[in-house]
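See structure below.
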Amino acid sequence: MSAAHDGVSAYSATKQSWAAALWADKTRLRRVLMIWGVAAFLAIAAAVYLVGGRYVGSDDAYVHANKLMVSTDVSGLVKTVNVREGQQVKAGDILFTLDPKPFEIALENAKANLASTVQDVESTRAMYRAATGQIAAQAAQVNVNKQTYVRYQALAKQNAIAAMQVDTQHAAVLSAQATLASLQQTAATQLAKLGGNPNQPAERTPDYLKAKAAVDEAQRQLDHTVVRAPFAGTVGEVDSLQPGTLVISAMSAFTTTSAVGLIGNNTWISSDMKETDLTHVHPGAPVQMAVDTYPGCKWTGHVDSVSAGSDSSFSALPAENASGNWVKVVQRIPVRIAIDKSECDRALRAGMSTVITIDTGKRRITRLLDGL
């Protein structure tokens with residue numbers, strides 16, 4: 001019995017020693033894992049952080065395109081509408097036309113006025129030539145009257161004629177001189193109408209140039225009754241424009257009353273990005289784009305330009321606080337992105353929401369090294 005009891009005691013002591021050793025190993029391992037595991041995690045996190053930061057992105061990005069409400073600067077009634085909603089047009093295609101009849105009448109009236117101006121110029125030239133002829137004849141008459149007056153004065157000294165005859169001849173001289181002065185003034189007036197040159201062509205006179213400008217303006221207005229697409233694109237709005245609609249020119253009403261919406265084929269993406277994300281963004285940086293409408297499709301492009309001012313700097317009422325209650329707000333700066341190619345053949349439409357990712361080419365560790 002005593003030997004068996006001793007064996008059991010020895011086994012229990014051995015088992016306890018093994019348990020104590022195992023507990024010590026577990027404590028040591030736990031201590032190692034707690035210290036070195038946390039250190040390894042921090043090292044990995046620091047490495048990931050330092051090699052990261054290369055890409056910046058934004059979901060505040062939208063597809064843009066050239067958009068224009070195409071109208072005309074003359075007023076009139078719509079005669080024809082040559083396009084429909086969603087139609088593709090090329091630059092120069094006719095969108096709609098106005099009734100040309102009033103403008104044709106105005107053009108004919110301007111041309112008639114131009115022809116009348118030419119006749120007036122030729123009439124003025126003829127009157128000037130007639131006046132110069134009359135001046136020469138009147139000048140000769142003045143000389144004759146003067147000579148006669150001199151003779152009468154000599155005869156009066158000899159008491160050969162009455163004094164009344166001398167006075168009458170003197171009055172004739174004065175009358176002839178007055179008539180000559182009037183003719184000279186008339187000739188000067190006609191010459192001024194001819195621009196100081198009696199041989200000047202009618203096409204160079206001020207009256208002709210004024211009438212010719214009126215003809216050109218009437219022709220321009222007639223040409224603008226045919227409204228053409230200024231660039232290639234897709235017709236966006238046309239339902240409000242129907243034959244018989246009165247179009248009031250923007251120059252007369254300060255607003256476009258009727259027009260055809262046109263969206264250009266050239267598209268790009270514009271994003272209002274945080275100023276803190278633009279540290280290393282520069283024109284030419286590659287960009288990955290995803291469009292919400294087409295999940296799974298990717299577009300690639302590059303930064304075309306970064307605006308010289310923030311959105312608020314172009315605001316009509318800038319956010320300026322002079323009271324001292326100032327709160328700093330991260331500003332948004334527009335970035336324009338050119339689209340280079342797409343993985344799938346899908347049409348981009350103005351206003352679509354997109355998500356962009358810009359490759360700055362700069363990791364955080366590179367930035368830190370550059371700052372040293």
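The values are calculated or read from the model by the stated rules, or taken from the named source; none is laboratory data. This is a predicted model, so every value here is computed, not measured. Glycine also receives a Cβ, built like all others from the backbone with ideal geometry; neighbour counts cover every protein chain displayed.
For Ala187, which of the numbered conditions (1) of a type in the set (Gly, Ala, Ser); (2) outside any helix (DSSP H, G or I); (3) surrounded by 19 or more Cβ atoms within 10 Å (Cβ to Cβ) fails to hold?
(2)
Please determine whether any residue of the range 128-136 is in a helix (DSSP H, G or I), over 60 Å from the mean Cα position of the chain (by Cα), farther than 30 Å from Pro206 by Cα and at pLDDT 85 or above.
Looking for residues that are in a helix (DSSP H, G or I), over 60 Å from the mean Cα position of the chain (by Cα), farther than 30 Å from Pro206 by Cα and at pLDDT 85 or above, one finds none in the range 128-136, hence no.
Considering only the range 227-248, state which residues are part of a strand (DSSP E or B) and either at pLDDT 95 or above or within 22 Å of the chain's Cα centre (by Cα) (or both).
Across the range 227-248, the qualifying residues are Val227, Arg228, Gly233, Thr234, Val235, Gly236, Glu237.
Among the candidates Pro230, Pro198, single out the residue that is touching a residue at least 40 places away in the same chain (Cβ under 8 Å) and over 21 Å from Gly86 (Cα atoms).
Criteria check complete, one pass: Pro198.
Any chance you could count how many residues in the range 118-136 are touching a Leu at 6+ places or on another chain (Cβ under 9 Å) and of a type outside the set (A, V, I, L, M)?
First, the residues of the range 118-136 that are touching a Leu at 6+ places or on another chain (Cβ under 9 Å): 121, 124-125, 128, 131-132, 134-135.
Restricting the remaining residues to those that are of a type outside the set (A, V, I, L, M) gives 124-125, 128, 132, 134.
Counting residues in the range 118-136 that are touching a Leu at 6+ places or on another chain (Cβ under 9 Å) and of a type outside the set (A, V, I, L, M) gives 5.
In the range 121-145, how many are out of contact with any Phe, Trp or Tyr (no Cβ under 9 Å at 6 or more places or on another chain), over 15 Å from Thr186 (Cα atoms) and either of a type in the set (Asp, Glu) or surrounded by 16 or more Cβ atoms within 10 Å (Cβ to Cβ) (or both)?
Looking only at that region, the number is 4.
Go over the candidates Glu343, Glu275, Glu320 one by one and state the one that is charged (D, E, K, R), surrounded by fewer than 17 Cβ atoms within 10 Å (Cβ to Cβ) and at pLDDT 85 or above. Even if it seems obvious, please write down each step before you answer.
Numbers: Glu343 fails: at pLDDT 85 or above; Glu320 fails: at pLDDT 85 or above.
Criteria check complete, one pass: Glu275.
Select from the range 287-301 the residues that are crowded, with 16+ Cβ neighbours inside 10 Å and not in a loop (DSSP other than H, G, I, E, B) and list them in ascending order. Can you show your working first?
Keep residues of the range 287-301 that are crowded, with 16+ Cβ neighbours inside 10 Å, which gives 287, 289-291, 294, 299, 301.
Val287, Met289, Ala290, Val291, Trp299, Gly301 - these are the residues of the range 287-301 that are crowded, with 16+ Cβ neighbours inside 10 Å and not in a loop (DSSP other than H, G, I, E, B).
Out of the range 271-286, which residues are in a strand (DSSP E or B) and either closer than 15 Å to Asp340 by Cβ or of a type in the set (S, T, N, Q) (or both)? It would help to see each step written out before you state the result.
Residues of the range 271-286 that are in a strand (DSSP E or B), as a first pass: 271-274, 286.
Passing the criteria: Ser271, Pro286.
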